[in-house]
Structures are given as structure tokens and as C-alpha cells.
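Chemist: Below is one structure. I have some questions about it.
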Amino acid sequence: MRRPANVLIILAVWAAPSAYAQTASLRGQVTDESGALVPGSKVTLTGAGIAAKSTKTDDAGVYTFGGLAPGEYTVQGSSPQLATAQPAKIALKPGTQVLNLTLRVSSMSEKVTVRENGAPTVSTDSANNASALVLSGADLDALPDDPDDLAADLQALAGPSAGPNGGSIFVDGFSGGQLPPKESIREIRINQNPFSAEYDKLGYGKIEIFTKPGSDKYRGTAQWNFGNDFWNTRNPYSPEKAHFLLNEFEGSAGGPITSMSSFTVDAQRNMVNNGSIVNAVTVNPQTFAIQPFASILVTPGRYTNVSPRIDYQLSQNHTLMFRYGITHSDVRDNGIGGFDMISRGYHSQFTNQTVQAAETAVLGTAVNETRFQFYRSAPQSIPNSTGPTIQVLQAFNSGGAANGRAFDAQNSYELQNYTSIAKGAHAWRFGIRLRGQTDDNTSPQNFNGTFTFSGGAVAPVLDAVNQPETAMEPISSIESYRRTLLFQELGYSPAQIRALGGGASQFSIAIGAAQLAVHQYDGAIFAGDEWRALPNLTLSWGIRYEAQTNVHDWRDAAPRASVAWAPGAGGKKSGKTVLRAGLGTFYDRFVLANTLAAGRYNGLAQQQLVVGNPDFFPAVPDPASLAGFQSTPVIQEISSRLRAPYILQSAVTMERQLPRNTTLAVTYTNSHGLHILRSEDINAPLPGTYHPNAANSGVYPLGHPGAVNLMESSGLYNQNQLISNVNSKLNSGFSLFGFYVFNRARSNTDGIGTFRANPYSEAGEYGPAATA
């Protein structure tokens, strides 16, 4: 019921006659002395009879001012350590005019001016909402160097994102991929323009990261971070202090290659030795005595990242960027600690590679950006032992790692073509995005088999020389394991061992195909307009359409609209209060991992064999001899009527300019999710037919026992948030940013575990219709 209203509002605004047809607009591109683009630079426009206006350049270094009265103006650009030599003067006439700016290295006094102008302000620009946060320069130095810690801190700065799936991170306009080294980051923007049609994810909680281009002079930095266990305390579960040694090396360098090209390269090498603490209870193999076991093993980890980038100016209006990044991580003896013994360790490593290319063209009043990204992630794990896993509950785990020799090669492709056009008081942006993903996954989980000793059985009491007495007692899992080893050493038969309380309680093993390959493609088109209808009123609207494979759903249209009004502003008077409101639809994709899970757990690709009270410990029999022990599979299937989930989000914000370079923003958001993904057991036995104490009881609607978990899209999600942001920049240049959040969310995405009689029309999705 909401989408038609959205469309009517957009059409009504679109059809409104413009009373400002004789306005002028100004746009241009900002570069440095070497010709390299300067995204995120600040451009200030001043003129007689109006308050100064400021904006920031986009990824292509382009700025735009719209809704201007014809007349004389001065324009000045600035960026950290860069500024125009002097303000540029221009006489604006009705229509659009172009003025490109060149920034030069500024003096110390100019730096002070840039920092003062960089104080938080309120504005009706859609990308300048007071709840947004822009980090650059010295602000980035306070962030952690480790990529995982950096991602966690950025998510914390973004605050709680709306919707059930958390925030999203974009690197140079691309979704997914890997965070670049901190040294290569030029700017981070958080929560900007939340209702833009350009993005598929919810705007609140969105994080945009932009990397540095080359520079006009050779420069470089180097850092070393060292730490050891000197200041660490001893783990209370370890008899001695665990080992720890940290060496982190980071560096970056850049400069010109030719008069038309420049480069930058970042490198990072982390060497970390952690102590893995094992605190278990084991059996002495010589005396068969139960004894505590404590051990500390050094787990070495190595992390290497190299990321070069080249920027080339093809012509005055065409630039080309190429970036390659490779990250390799190697951790040996992973998975050890707690009850897990050394044999349970495995060697884990991954190699991630990113290739990016971007071409920017200024074509009259339009700026066209074409971007391509290829991202490959290739993690693998190699177990220290290929033997079966031995689990002695609440005592220790030994044998081989259950994950086996696993590989997962994922390839992601993304192509974008976006165009920006400034025309009068309007700033248009439209484009297309195409993505593809493949996943070649090998997961031999529990293909080596697992013996479990659970204890709890009642067995004869053993005397001091391990001879049975007439008294009986329940024994623990470690005692059951001890008796198994002891009586096997004495030559007892499996039946005798079990009569005396020994023997494993269960053996399980997976068989079938470990390798599976899947793929998926999706595409999106969008168009949006930002209209400065009045000097103190900005209207924005747009629409986005998305579609993908693996989901038979083609109805994913997502309209967006927002308004920003500064009451009392206009002419020479600048407003100190801005009121914003927006609404939009945001779709979520059905991820490829769900398709992979449905293919692997379809009841045919892999089977689980479970043997109770096995008598063949520690040998693993031929799986063919265990065919009669196949457990009831849990099948995962994807509904043919699955729809892409989406969120209807609305927001109202009040922004206020406070004294001492401080802004306050109070935002209320409502997120209403429809068709949220959920898993539902549609093959539960019909009511009244299943009796726990009756073997083979239960009438199953799909003809066989076992759960069939259907991945479907009938979940609902409701969330209300009240967020208060405070952003302040002190005179020293130190920035303060904080938020208070009241969050209330409800969902019904959990499966209810009941069968819906004839859930689909006629014969339904699984053959003859069942009746309850």
C-alpha cells in the first residue's frame, strides 16, 4: 500500500512548474598540480547578496552548485594541505557553466583556514546531513591499523544500522571485497545521503571508503609496531604465561611517474605469535591413570598485504585508475586450545586478490564513471592429522580436525557505469551495475569420522588393580575412555569391554560428494535527481530496479524520496536548523551461500552415518559396511516462490547548528521488513500421528521421515530507532563524535516447525497435496 503513494508523491513533485527557470548552475572538476583528481575537496562559492555555499567533490573530483541567481561570484577550493592560489572569479548566466579548479600545496596559514572551514555545519544538501561523519587526515590516525579491528571500529562509529542485516561497507564505490590498508585510505564517509537511489543497502550504517590517488611529489611513510608478553598476565587456566610476540610493519610511498601519471603503493606485514592454551583431562598411555593435562603451544600467524595503484590522465577530460591488491594470511596450528589437543590443529591460510579499474570522463556538463572490480578469495585449511576425531566429553578432544582438507575459491565480478549531470537547479545521477559470483567449495566436514565418549553408563566398580567388583556406579566419559584403552591392552573382546563400562557411545561419519560449485548473477539500474527548489529547500527522488538469478522474482522496484528544509534561511540569512524527512524501499539479495547449502544438504549429495555403541574403536571401517546406519537427513530446499526480502524505511531528522563548531542531529527511523528469509520445517509429522515411544510412528506429508527445512520468504521485521548525534570540532582540530541510540526491533523470522497443509496451489511444490 505504500509504493503507489510514493510514486504519486514523486509524480506530483515532478509535474510542479518551476518558478526558477532562469537560475544558473556551476560545475567543474578539481585537480592538483600534477593533474590528479582530488575527490572530497571542499569548494566554496561566494557572491553579493548571498551567504557562502560549500560542497564537496565526488569520487571523480567533480563539484556542482545549482539554483544560483545570475551574477558575479568567486569560487575557491581546498583540501588538506592543498588550496587554490587565489579565488577564481566568474560571471554566471542562466544555464550551466563549467569552471575547473587547480589546487596547489598551501602554506601553514592556509591549513589553519581549511581546518576552521571544516567545522561541522548544517545544510540542506542531501550528502551533508549532520548525522553523517567524514574522517580524513589526522582523524584517520586514531583508527586501528589491523583490518579486522578497523572494520569493527567503523561499524561502531556508524552506529546501529537499520534493518536486520547490519551495515554495509563500500570501497571506492564497490560492494564486498576487502578493506584496504589504513595507509592507503584517503577518506571515510559514514551515513551520507541515506536515501540515494545509487545504493542498494540501507543508508543508515553505510560506510564508504576511498583510497588515495598518486601525488605530485615523492613521499613515503613507514611504521613499526612491536609488542610481547611482558605486560600480559598469566591465564588463570594455564600453569605458565602464554607466549605472545607482535611485529607489525607498515609503509606507503607515492609520487609522479610522468607528467600525466602517478603511483602509490602500500604494504603491510604482520607477524604474530600467539600462545594456544590447552587445559584438559587425559589418560596416561603407560599407567592408564587419569591426569590433568596443560600445555601451551606457539601458534604463528603471518599476514602480508601489498596494494599498488596507478592514476593516469588520458586527456584533460579523461582519467584512468588501476589498483591491484593481494593479501596472504598464514596461521599454523590453528584450532588448538581449551579441550582441543595439538593433533586437532590445522594449517589455515587464504589469499585474497582485488583488481580495480576506473575511467572517468567529463563530457560537457556530464561526468561518466566506468568501474570494474574482480575479487577472488581462496581460503583453505589443512589438518595436522587425517585420523578420526576423538571426543571425550568434558575432558579432551584429540585425533584429526573434523573440517578436513577444505577449500573455498570465490570469484566476484562487478561492473558499474554511472553518469552525473548538473542542469540548472537539478543534479541528475543514473547508472547500471552488473555483478557475478562463483563459488567452488570443497568441504569434507567429518569425512574422517568422529568417536564420541559420553559416559553416564552404569558399570562395575574397579578395585585398585582394575578388577571388577560386584558394586555398580555411573562412570564419567573420561573413565569410559580409560577403561576402553585399559581393557584393549589386556586383550578383552569388544563385548567384554562394553560390559565393563568401556567403548565409545557413538561413531559418526559423513560420506558423499565434498565438492560443489554454484554461481549467481544480479543487476541493477537506477536514476535519481536532487532539485534545489528554493535556496532553503532541497527535494530528492529516485528509483532503483534490481533482479538476480536463483530467485524467480522480478518485482524488485525500489522508489526513494527525501526532502530537506531550512526554515528561516534564504538571502543573506543562513539557517541554523534543518528538518529532513525521507522514505524508500531497500532490497536485499538472496546470497549465494544459501544456494550452496541447499545443494549440499539436499539428502543426496552427502549422507551422515551414525552408529550407536560401536565396537570397532579406534579403527574406521569402510563406509560401505555402514550403509544400514544412515541417519535421517535434514534436507534444505529453496522455495520456488521465494521473493527477495526488502525493507520499507522512513526517517525524520532535526538538525541544529550549535555554538563552538558543534552540530546536533536527532533522527527517528522506522524500518518495516517484508518477505524476510526464514527456514520452516514443512515435513513435521501430522498432528496426533507421532508417538515418542512408538517405533516408526508418525505420518510425514512428504512420504519419508526427517525434516525438510524450506527456505522461504514470509518473515516480518519491525524496528523503531531514535538516534541522537553530536559532532564537534574543537579549535585544536580535535574532533568529537558521539551518538545515543534507543532501538526496538521485533521479527518472526524463526521457523515455526509445523506443516502447512497444501501450502501451494493445486499439487503444491512437492507433489500431491497433503491434508492435515
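The values are calculated or read from the model by the stated rules, or taken from the named source; none is laboratory data. Quick caveat, the model's predicted, so the values are computed rather than measured. Ideal geometry is used to build each Cβ from the backbone, glycine not excepted, and the neighbour counts take in all protein chains shown. What goes into the accessible areas is simple: the full protein's heavy atoms, side chains included, and nothing from ligands, DNA or RNA. Shrake-Rupley method; radii C 1.70, N 1.55, O 1.52, S 1.80 Å.
Chemist: Where in segment 41-99 are the strands (runs of 3 or more DSSP E), entirely inside, with at least 1 residues that are closer than 19 Å to Thr360 by Cβ and open to solvent by 30 Å² or more (accessible area, probe 1.4 Å)?
Modeler: Values: elements: 42-47, 50-56, 62-68, 71-79, 88-92, 95-98.
Correct list: 50-56, 62-68, 95-98.
Chemist: Can you name the condition, by its number, that Leu157 falls short on among (1) at pLDDT 75 or above; (2) over 24 Å from Val30 (Cα atoms); (3) outside any loop (DSSP other than H, G, I, E, B)?
Modeler: Going through (1) at pLDDT 75 or above; (2) over 24 Å from Val30 (Cα atoms); (3) outside any loop (DSSP other than H, G, I, E, B) one by one, Leu157 breaks only (1).
Chemist: So, one more: Can you say whether Ile475 is over 30 Å from Thr31 (Cα atoms), touching a residue at least 60 places away in the same chain (Cβ under 8 Å) and more than 33 Å from the chain's Cα centre (by Cα), as far as the supplied structure shows? Step through it out loud before you land on a result.
Modeler: Values: over 30 Å from Thr31 (Cα atoms): yes; touching a residue at least 60 places away in the same chain (Cβ under 8 Å): no; more than 33 Å from the chain's Cα centre (by Cα): yes.
So Ile475 does not fit the description; no.
Chemist: Looking only at segment 621-654, count every residue that is within 26 Å of Asn602 (Cβ to Cβ), in contact (Cβ under 8 Å) with a residue 40 or more places away in the chain, open to solvent by 60 Å² or more (accessible area, probe 1.4 Å) and in contact with a strand residue (DSSP E or B) (Cβ under 7 Å, 6 or more places away or on another chain) and tell me the total.
Modeler: Residues flagged as within 26 Å of Asn602 (Cβ to Cβ), in contact (Cβ under 8 Å) with a residue 40 or more places away in the chain, open to solvent by 60 Å² or more (accessible area, probe 1.4 Å) and in contact with a strand residue (DSSP E or B) (Cβ under 7 Å, 6 or more places away or on another chain) within segment 621-654 amount to 2.
Chemist: Hey, any hits in segment 336-343 for a residue that's open to solvent by 60 Å² or more (accessible area, probe 1.4 Å), farther than 30 Å from Ser262 by Cα and in a strand (DSSP E or B)? I'd like the intermediate steps shown before the answer.
Modeler: From segment 336-343, those open to solvent by 60 Å² or more (accessible area, probe 1.4 Å) are 339, 342; that's our starting set.
Cutting the leftovers down to farther than 30 Å from Ser262 by Cα gives us 339, 342.
If we keep only those that are in a strand (DSSP E or B) too, we end up with none.
Looking through segment 336-343, none of the residues is open to solvent by 60 Å² or more (accessible area, probe 1.4 Å), farther than 30 Å from Ser262 by Cα and in a strand (DSSP E or B).
For every residue, the table says whether it meets (1) under 18 Å from the mean Cα position of the chain (by Cα); (2) under 18 Å from Thr327 (Cα atoms); (3) surrounded by fewer than 21 Cβ atoms within 10 Å (Cβ to Cβ).
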residue: Gln178; (1), (2), (3): yes, yes, yes
residue: Glu183; (1), (2), (3): no, yes, no
residue: Arg189; (1), (2), (3): yes, no, yes
residue: Asn193; (1), (2), (3): no, no, no
residue: Gly205; (1), (2), (3): yes, no, no
residue: Lys212; (1), (2), (3): no, no, yes
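Chemist: What are the residues in segment 513-566 that are within 17 Å of Pro645 (Cα to Cα), open to solvent by 20 Å² or more (accessible area, probe 1.4 Å) and of a type in the set (Asp, Glu), if any?
Modeler: Matches in segment 513-566: Asp522 only.
Chemist: List, please: which pairs have Cβ atoms under 8 Å, are six or more places apart or on different chains, and start with a residue in segment 494-512 that is buried (at least 18 other Cβ atoms within 10 Å of the Cβ) and end with one that is in a helix (DSSP H, G or I) and among the acidic types (Asp, Glu)?
Modeler: Partner pairs satisfying both residue conditions: Gly501/Glu479.
Chemist: Going by what's in this entry, would Ala605 be described as open to solvent by less than 50 Å² (accessible area, probe 1.4 Å), in contact (Cβ under 8 Å) with a residue 24 or more places away in the chain and of a type in the set (A, V, I, L, M, F, W, C)?
Modeler: Working: open to solvent by less than 50 Å² (accessible area, probe 1.4 Å): yes; in contact (Cβ under 8 Å) with a residue 24 or more places away in the chain: yes; of a type in the set (A, V, I, L, M, F, W, C): yes.
So Ala605 passes the test.
Chemist: Here's something else I'd like to know. From the list Ala83, Ala91, Ala24, exactly one residue is of a type outside the set (D, E, K, R), touching a helix residue (DSSP H, G or I) at 6+ places or on another chain (Cβ under 8 Å) and modelled with pLDDT under 85. Which is it?
Modeler: On the way: Ala91 fails: touching a helix residue (DSSP H, G or I) at 6+ places or on another chain (Cβ under 8 Å); Ala24 fails: touching a helix residue (DSSP H, G or I) at 6+ places or on another chain (Cβ under 8 Å).
So the residue among Ala83, Ala91, Ala24 that is of a type outside the set (D, E, K, R), touching a helix residue (DSSP H, G or I) at 6+ places or on another chain (Cβ under 8 Å) and modelled with pLDDT under 85 is Ala83.
Chemist: Quick check, is Ile497 in a helix (DSSP H, G or I), under 23 Å from Gln291 (Cβ atoms), within 44 Å of the chain's Cα centre (by Cα) and of a type outside the set (Ser, Thr, Tyr)?
Modeler: Working: in a helix (DSSP H, G or I): yes; under 23 Å from Gln291 (Cβ atoms): yes; within 44 Å of the chain's Cα centre (by Cα): no; of a type outside the set (Ser, Thr, Tyr): yes.
Considered against the rule, which asks whether it is in a helix (DSSP H, G or I), under 23 Å from Gln291 (Cβ atoms), within 44 Å of the chain's Cα centre (by Cα) and of a type outside the set (Ser, Thr, Tyr), Ile497 comes out as no.
Chemist: Now, a different point. Looking at Ala459, Ala427, which is the one that is of a type outside the set (Val, Ile, Thr), open to solvent by less than 30 Å² (accessible area, probe 1.4 Å) and modelled with pLDDT under 95?
Modeler: Working: Ala427 fails: open to solvent by less than 30 Å² (accessible area, probe 1.4 Å).
Going through Ala459, Ala427 in turn, the sole match is Ala459.
Chemist: Listed residues Leu730, Leu702; which is at pLDDT below 75, of a type in the set (A, V, I, L, M, F, W, C) and either open to solvent by 60 Å² or more (accessible area, probe 1.4 Å) or out of contact with any Pro (no Cβ under 9 Å at 6 or more places or on another chain) (or both)?
Modeler: On the way: Leu702 fails: at pLDDT below 75.
Of Leu730, Leu702, the one residue that is at pLDDT below 75, of a type in the set (A, V, I, L, M, F, W, C) and either open to solvent by 60 Å² or more (accessible area, probe 1.4 Å) or out of contact with any Pro (no Cβ under 9 Å at 6 or more places or on another chain) (or both) is Leu730.
Chemist: In segment 623-664, what count of residues is obtained for those that are small (Gly, Ala, Ser), closer than 30 Å to Val591 by Cα and out of contact with any Phe, Trp or Tyr (no Cβ under 6 Å at 6 or more places or on another chain)? First the steps, then the outcome.
Modeler: Just the residues of segment 623-664 that are small (Gly, Ala, Ser), to begin with: 624-625, 627-628, 631, 639-640, 644, 650-651.
Applying the additional criterion that residues be closer than 30 Å to Val591 by Cα yields 631, 639-640, 644, 650-651.
Remaining after also requiring out of contact with any Phe, Trp or Tyr (no Cβ under 6 Å at 6 or more places or on another chain): 631, 639-640, 650-651.
Number of matching residues: 5.
Chemist: Is it fair to say Leu490 is under 30 Å from Gln286 (Cα atoms), aliphatic (A, V, I, L, M) and free of Cβ contacts under 8 Å to residues at least 40 places away in the same chain? I'd like the intermediate steps shown before the answer.
Modeler: Details: under 30 Å from Gln286 (Cα atoms): yes; aliphatic (A, V, I, L, M): yes; free of Cβ contacts under 8 Å to residues at least 40 places away in the same chain: yes.
Here the answer is yes, as Leu490 does meet what is asked.
Chemist: Right, another one. In this structure, does Ala581 turn out to be open to solvent by less than 50 Å² (accessible area, probe 1.4 Å), in a strand (DSSP E or B), in contact (Cβ under 8 Å) with a residue 24 or more places away in the chain and among the aliphatic types (A, V, I, L, M)? Can you show your working first?
Modeler: Values: open to solvent by less than 50 Å² (accessible area, probe 1.4 Å): yes; in a strand (DSSP E or B): yes; in contact (Cβ under 8 Å) with a residue 24 or more places away in the chain: yes; among the aliphatic types (A, V, I, L, M): yes.
Judged against the criteria, Ala581 is a match.
Chemist: Tally the residues that are free of Cβ contacts under 8 Å to residues at least 60 places away in the same chain and either out of contact with any strand residue (DSSP E or B) (no Cβ under 8 Å at 6 or more places or on another chain) or charged (D, E, K, R) (or both), restricting the search to segment 704-729. Steps first, answer last, please.
Modeler: First pass over segment 704-729, keeping only residues free of Cβ contacts under 8 Å to residues at least 60 places away in the same chain: 704, 714, 716, 718, 720, 722.
Those left that are additionally either out of contact with any strand residue (DSSP E or B) (no Cβ under 8 Å at 6 or more places or on another chain) or charged (D, E, K, R) (or both): 704.
So the answer is 1.
Chemist: For residues that are closer than 24 Å to Asn191 by Cα and surrounded by 20 or more Cβ atoms within 10 Å (Cβ to Cβ), tally how many sit in segment 658-683. Let's see the steps before the verdict.
Modeler: Kept after step one, since they are closer than 24 Å to Asn191 by Cα, are these residues of segment 658-683: 658-674, 676.
Then drop every residue that is not surrounded by 20 or more Cβ atoms within 10 Å (Cβ to Cβ), which leaves 663, 665, 667, 669, 671, 673, 676.
Residues flagged as closer than 24 Å to Asn191 by Cα and surrounded by 20 or more Cβ atoms within 10 Å (Cβ to Cβ) within segment 658-683 amount to 7.
Chemist: Continuing with this model, one more query. Could you please find all residues in segment 655-690 being small (Gly, Ala, Ser), part of a loop (DSSP other than H, G, I, E, B) and in contact (Cβ under 8 Å) with a residue 12 or more places away in the chain? Reasoning before the result, please.
Modeler: As a first pass, look at segment 655-690 and keep what is small (Gly, Ala, Ser): 665, 671, 673, 679, 684, 688.
Next, from what is left, pick out any that are part of a loop (DSSP other than H, G, I, E, B): 684, 688.
Matches in segment 655-690: Ala684 only.
Chemist: Can we say Thr327 is in a strand (DSSP E or B), surrounded by fewer than 17 Cβ atoms within 10 Å (Cβ to Cβ) and out of contact with any helix residue (DSSP H, G or I) (no Cβ under 8 Å at 6 or more places or on another chain)?
Modeler: Working: in a strand (DSSP E or B): yes; surrounded by fewer than 17 Cβ atoms within 10 Å (Cβ to Cβ): no; out of contact with any helix residue (DSSP H, G or I) (no Cβ under 8 Å at 6 or more places or on another chain): yes.
Taking the combined requirement at face value, the residue does not satisfy it.
Chemist: Moving on to the next point. Keeping to segment 31-80, report how many residues are on the phi < 0 side of the Ramachandran plot and within 32 Å of the chain's Cα centre (by Cα).
Modeler: Within segment 31-80, the subset on the phi < 0 side of the Ramachandran plot is 31-34, 36-39, 41-48, 50-60, 62-66, 68-70, 72-80.
Next, from what is left, pick out any that are within 32 Å of the chain's Cα centre (by Cα): 36-39, 41-42, 55-60, 62-64, 79-80.
Here the count works out to 17.
Chemist: Just to be sure before I move on: is Gly118 in contact with a helix residue (DSSP H, G or I) (Cβ under 6 Å, 6 or more places away or on another chain), small (Gly, Ala, Ser) and at pLDDT below 75 in the structure I sent? Give the derivation first.
Modeler: Values: in contact with a helix residue (DSSP H, G or I) (Cβ under 6 Å, 6 or more places away or on another chain): no; small (Gly, Ala, Ser): yes; at pLDDT below 75: yes.
No: the conditions fail for Gly118.
Chemist: Among the residues of segment 460-484, what is the count of those that are assigned to a strand (DSSP E or B), closer than 23 Å to Gln286 by Cβ and of a type in the set (Gly, Ala, Ser)? Lay out the reasoning, then the answer.
Modeler: From segment 460-484, those assigned to a strand (DSSP E or B) are 460-462, 468-474; that's our starting set.
Narrowing further to those that are closer than 23 Å to Gln286 by Cβ: 462, 468.
Filter once more, so that each one left must be of a type in the set (Gly, Ala, Ser): none.
The qualifying residues number 0.
Chemist: Still on this structure: Are any of the residues in segment 238-258 open to solvent by 10 Å² or more (accessible area, probe 1.4 Å), without any contact (Cβ under 8 Å) to a residue 60 or more places away in the chain and of a type in the set (Asp, Glu)?
Modeler: Looking through segment 238-258, at least one residue is open to solvent by 10 Å² or more (accessible area, probe 1.4 Å), without any contact (Cβ under 8 Å) to a residue 60 or more places away in the chain and of a type in the set (Asp, Glu).
Chemist: Cβ-Cβ below 9 Å, separation at least six or inter-chain, first residue in segment 160-181 and within 18 Å of Leu648 (Cβ to Cβ), second basic (Lys, Arg) and at pLDDT 75 or above: which pairs?
Modeler: Partner pairs satisfying both residue conditions: Ser161/Lys201; Ser161/Lys206; Gly163/Lys201; Asn165/Lys201; Ser168/Lys201; Ser168/Lys206.
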